[in-house]
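Shown next, in structure tokens, is the structure this report addresses.
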Amino acid sequence: MIYYATSILLILIGMYAVLVKKNLIKIVIGLSIVDNGIHLLLIAIGYVKDGTAPIFSKPGLTANQMVDPVPQALVLTAIVIGLAVTAVALSLIIRLYDHHKTLNINKIRKLKW
Amino acid sequence: MNWLMIVVVILSIVLIIAAVFAVYQKDLLLAVIGTSAVSVVLSVLFYILQAPDVALTEAAIGVALTTIIFVITIKKTRRFEE
Amino acid sequence: MRKVIAILLLFIIGYYSLDVLFKIPFGENATGVGKHYLESTVKETGAVNSVTAIVVSYRGFDTLGEVTVLFLAATGLGAILYDKKAKKRALQNASLIVKTSSKIIYPLIALLGAYVFVHGHLTPGGGFQGGAIIATGVLLMFISYRSFETNHKALSIIESLAGMTFVTIGFAGLIYGTSFLQNILPLGIPGELFSAGIIPLIYVAVGFKVGAELTTLLDNLLKTIK
């Protein structure tokens, strides 16, 4: 139960940073915190009480005592794609600063290059 | 209420405090340190939820590579907000 | 004014999300798909790690898409930050303790990364984790020494060959079997190193590709500091 409340709080804190803050780097930090909250929510849903990790290490384990392996495979892909999105967003920020000399989104208004 | 639940409650409180600290700071380097602290505590929580593959991936990618990309961007732009 | 509207909106979203989520019981039985994958992993694929079998064998096409997305991100970053007159990096050398100990630790980190992606079907690990560990070791050498250079041509050849190996193994499954990425090698005894058909081969290719891509990404970023 506490995992659900923690993950929803993380998503809300990240979305507050995306909606209200005016610095571009602070917005990308908020996006990264939203990603972390979603991953925690997915893995907390796939937990089975008194279960163990889904690896058949000893010859006596049955499939009834293990946690669900499908959300773990989804989150493994999602972490790598989150890193790719953050890297491309930060490279665009470096180019924007070279041209406009500021990082405030209220001052970057003109759309011509 | 055994000792594992007490550890989970303490780690969740540290997680929320680090996330609020990362959003509220004006010095951008301290905000990046808050983001990597969220990733470290999240990796321990993944291990308690019996998911060792995901804990290893989050520790290798979220802590090391995300922090260094943010620090290089801050070096090329401004350090303080506004 | 903007802050008040944002906090009100987030409060409404949070309240209704928690209202729905507390009706899901925490720690109940797994879904039907999860139980089927757990029961038929060792018989059908021969791998001991169930998450590896799902990522490479049952949902192998999604892994091909993820490798493509990572390749696009590294190429896009190199294209956006392109500078024709980029010279050597202007970072300083680190102190003597850091220089000496990083020369000792760097081969051990590369060995750990290779161990993690070769034993992907037996222990927790795999291609993406091993590639990220190797890229972190190269980053340590970039920070310590000013004159540490990597060979761009060799990295690009490694990355292209690893990507082509993945697709070639998939087409071999189409020619000799029934579908793309079908398992055509013998399964072997579960628990040995040479078992589980094509899963170790695919993970070795993915490990090399991810390690080379992340090293190129870090080199492009570090070269722009004047």
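Values for this structure:
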read-out: Choice from C:Gln92, C:Gln182, C:Gln129 with maximal GNM fluctuation in chain C (Cα, 10 Å cutoff); value: C:Gln92
read-out: 15 Å beta-carbon shell around C:Val206, net charge (K/R +1, D/E -1); value: -3
read-out: Surrounding net charge for B:Leu42, when Lys and Arg each add one and Asp and Glu each subtract one, Cβ distance under 15 Å; value: -3
read-out: Most to least packed among B:67-75, C:202-210 [average Cβ atoms within 10 Å]; value: C:202-210, B:67-75
read-out: Three-way shape label, the stretch B:3-76, alpha-carbon gyration tensor, a/c 1.5; value: oblate
read-out: Dipole magnitude (debye, nearest 20) for the protein assembly as shown, charges at Cβ of Lys, Arg, Asp, Glu; value: 2380
read-out: Reach of C:Lys43 by Cα under 17 Å, taken over aspartates and glutamates that are not fewer than 8 positions away in the same chain; value: C:Glu192
read-out: Neighbourhood charge, 12 Å Cβ-Cβ cut-off, centred on C:Thr68 and excluding it, Lys, Arg +1 and Asp, Glu -1; value: -2
read-out: Shielding by other protein chains, A:34-46, mean Cβ within 10 Å; value: 4
read-out: Residue-averaged beta-carbon neighbours from other chains (10 angstrom radius) around C:20-33; value: 5
read-out: Residue of C:Tyr37, C:Tyr15, C:Tyr106 that the Gaussian network model of chain C assigns the largest fluctuation, springs spanning Cα pairs under 10 Å; value: C:Tyr15
read-out: Taking the C-alpha atoms of the protein assembly as shown, convex hull volume expressed per residue in Å³; value: 174
read-out: Kyte-Doolittle mean at least -1.0 and Cα axial length at least 24 Å: DSSP H helices in chain B; value: B:3-24, B:28-48
read-out: Selected from C:Ile175, C:Ile13, C:Ile109 as most flexible by GNM, with chain C as the system and alpha-carbon contacts under 10 Å; value: C:Ile13
read-out: Cross-link pairs beyond the 28 Å C-alpha cut-off, checked among A:Lys22/B:Lys76; B:Lys26/C:Lys3; A:Lys21/C:Lys84; A:Lys110/B:Lys75; C:Lys103/C:Lys223; A:Lys107/B:Lys75; value: A:Lys21/C:Lys84
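Bear in mind these aren't lab numbers, they're just calculated from the coordinates by the rules spelled out. Quick caveat, the model's predicted, so the values are computed rather than measured. Cβ: placed from backbone, ideal geometry, glycine included. Neighbour counts: every protein chain shown.
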